[in-house]
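Worksheet for the structure shown next.
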Amino acid sequence: VSGDASRAAGIIRGLGGKEAVTDGCVIKNSGTLTVCDGSTAQTGKITGGNSLSSGGGIYNEGTLNIIGGSVTNNTAARYGGGIYVGKNSVLNISDGAVTGNAVSGTDKAFGGGIYICMGTVNLSGGSISENTVSGSDCTYGGGVYSDEGTIIITGGSISGHEATRGGGIYSVGS
């Protein structure tokens with residue numbers, strides 16, 4: 001795991017818009033990472049990331065397991081406001097939330113919550129909600145955008161997203 005972050009009371013924060021990095025402002029994962037929150041209040045967060053390109057909250061090139069807590073209020077300029085899932089990478093969500101993230105592009109924008117680039121997302125619980133994409137041209141996949149990726153949904157919810165095409169999910173390729 002690499003990236004700029006500070007830790008306070010179960011919250012991992014990005015740089016709050018003061019600075020931005022190209023890929024994955026809060027966490028960049030190229031191994032195996034499990035995000036969980038064992039507290040009764042479920043207040044653990046990955047929040048405040050601001051990427052100039054992809055993965056405002058988490059840029060994933062490995063295996064990412066979300067089993068509690070939230071990835072919330074992160075931004076990216078092009079792909080995956082909350083989470084970017086790269087080629088041959090895996091994201092497993094069994095609990096927790098990906099919520100309130102945004103991609104705000106200068107022309108096109110993809111995947112407000114999650115962007116999948118030839119990777120795999122397994123949603124068996126938790127929620128992907130209230131994510132947005134905006135730009136001067138078309139916007140795709142408010143919740144999830146998949147570019148030749150795989151999405152397997154056996155539980156959980158996807159709701160309340162904003163995009164010009166594919167509010168919840170927009171998928172292209174095989």
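The values are calculated or read from the model by the stated rules, or taken from the named source; none is laboratory data. If you're wondering where the values come from, they're calculated on a predicted model, not measured in any experiment. Every residue, glycine as well, gets a Cβ built from its backbone with ideal geometry; the counts of neighbours run over all protein chains shown. These accessible areas exclude ligands, DNA and RNA; they are computed on the full protein's heavy atoms, side chains included. Shrake-Rupley method; radii C 1.70, N 1.55, O 1.52, S 1.80 Å.
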(request) Determine the distance separating the Cα centre of region 53-82 from the Cα centre of region 90-131; give it in Å without decimals. (result) 7
(request) Determine ³J(HN,Hα), in whole Hz, for all residues of region 120-126 in sequence, where each value follows from phi through the Karplus function 6.51 cos²θ - 1.76 cosθ + 1.60 and θ = phi - 60°; x replaces Gly and Pro. (result) 10, 10, 10, 10, 10, x, x
(request) Taking amide H positions as placed in the peptide plane 1.01 Å from N, state which residues far from Gly160 in sequence (5 or more) or on other chains have amide H under 5 Å from it. (result) Glu130
(request) Describe numerically, in nm with one decimal, the distance between label points set 7 Å from Cα along Cα→Cβ at Ile67 and at Val172. (result) 3.6
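Got a number for carbon plus sulfur as a percent of region 112-174's accessible area, 1.4 Å probe? Walk me through the numbers before you get to the answer.
Details: 1180 of 2600 Å².
Looking at region 112-174 in its full context, I get 45 percent from C and S.
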(request) Mark the label point 7 Å from the Cα of Asn88 along Cα→Cβ and return the residues of region 102-126 whose backbone N is within less than 14 Å of it. (result) 118-120
(request) Please give, to one decimal in nm, the separation of the simple spin-label points placed at Thr106 and Cys36, each 7 Å out from Cα toward the Cβ. (result) 4.3
(message) Probe of 1.4 angstrom, ligands and nucleic acids ignored: what's the accessible area per residue over region 89-174, in square angstrom?
(response) 39
(message) Please state the shape class of region 42-174: rounded when a/c is under 1.5, otherwise prolate if a/b exceeds b/c and oblate if not, all from the C-alpha gyration tensor.
(response) rounded
(request) Compare the peptides 152-161, 82-91 by average per-residue count of other Cβ atoms within 10 angstrom and give them in order, highest first. (result) 82-91, 152-161
